[in-house]
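The values are calculated or read from the model by the stated rules, or taken from the named source; none is laboratory data. Owing to the predicted nature of the structure, the values given are computational and were not obtained by experimental measurement. Please note: Cβ atoms are built from the backbone with ideal geometry, for glycine as well, and neighbour counts cover all protein chains shown.
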């Protein structure tokens with residue numbers, strides 16, 4: 001089982017523009033239009049499937065909210081931070 005990161009480690013390594021919300025990390029991405037937001041969601045979905053680590057994603061017209069946590073570990077893990085970095089690279 002994957003181990004959760006302690007609070008200090010999460011805060012130290014949390015990518016810019018991401019926030020901690022309890023046992024999740026969250027970021028809202030803004031887009032110029034709906035099509036760009038949908039393409040971003042599809043890119044995130046592809047890597048999430050490959051990693052078998054699926055975020056909660058909320059799609060709105062010109063923004064996408066992404067939330068990561070590792071449910072089976074009960075909190076934030078290395079994988080959550082790595083996939084947050086991936087999302088930032090896609091944006």
Just need a number here: residues in the stretch 22-32 that are farther than 19 Å from residue 89 by Cα and surrounded by 13 or more Cβ atoms within 10 Å (Cβ to Cβ). 2
Restricting attention to the stretch 47-73, report how many residues are more than 26 Å from residue 34 (Cβ to Cβ), at pLDDT 95 or above and part of a loop (DSSP other than H, G, I, E, B). 1
Scan the stretch 46-55 residue by residue and report those that are under 15 Å from residue 89 (Cβ atoms) and without any contact (Cβ under 8 Å) to a residue 24 or more places away in the chain. 46, 50
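Against the condition in a helix (DSSP H, G or I), touching a residue at least 24 places away in the same chain (Cβ under 8 Å) and either out of contact with any helix residue (DSSP H, G or I) (no Cβ under 6 Å at 6 or more places or on another chain) or on the phi > 0 side of the Ramachandran plot (or both), how does residue 83 come out, does it pass? Please lay out each step first, then the result.
Numbers: in a helix (DSSP H, G or I): yes; touching a residue at least 24 places away in the same chain (Cβ under 8 Å): yes; either out of contact with any helix residue (DSSP H, G or I) (no Cβ under 6 Å at 6 or more places or on another chain) or on the phi > 0 side of the Ramachandran plot (or both): yes.
Here the answer is yes, as residue 83 does meet what is asked.
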Exactly one of 73, 37 is within 24 Å of residue 5 (Cα to Cα), surrounded by 15 or more Cβ atoms within 10 Å (Cβ to Cβ) and more than 12 Å from the chain's Cα centre (by Cα), and that residue is 73
Residue in the stretch 2-21 that is nearest to the chain's Cα centre (by Cα), counting only those that are surrounded by 10 or more Cβ atoms within 10 Å (Cβ to Cβ) and without any contact (Cβ under 8 Å) to a residue 40 or more places away in the chain: 19
Does residue 34 satisfy the criteria of being free of Cβ contacts under 8 Å to residues at least 40 places away in the same chain and in contact with a helix residue (DSSP H, G or I) (Cβ under 8 Å, 6 or more places away or on another chain)? no
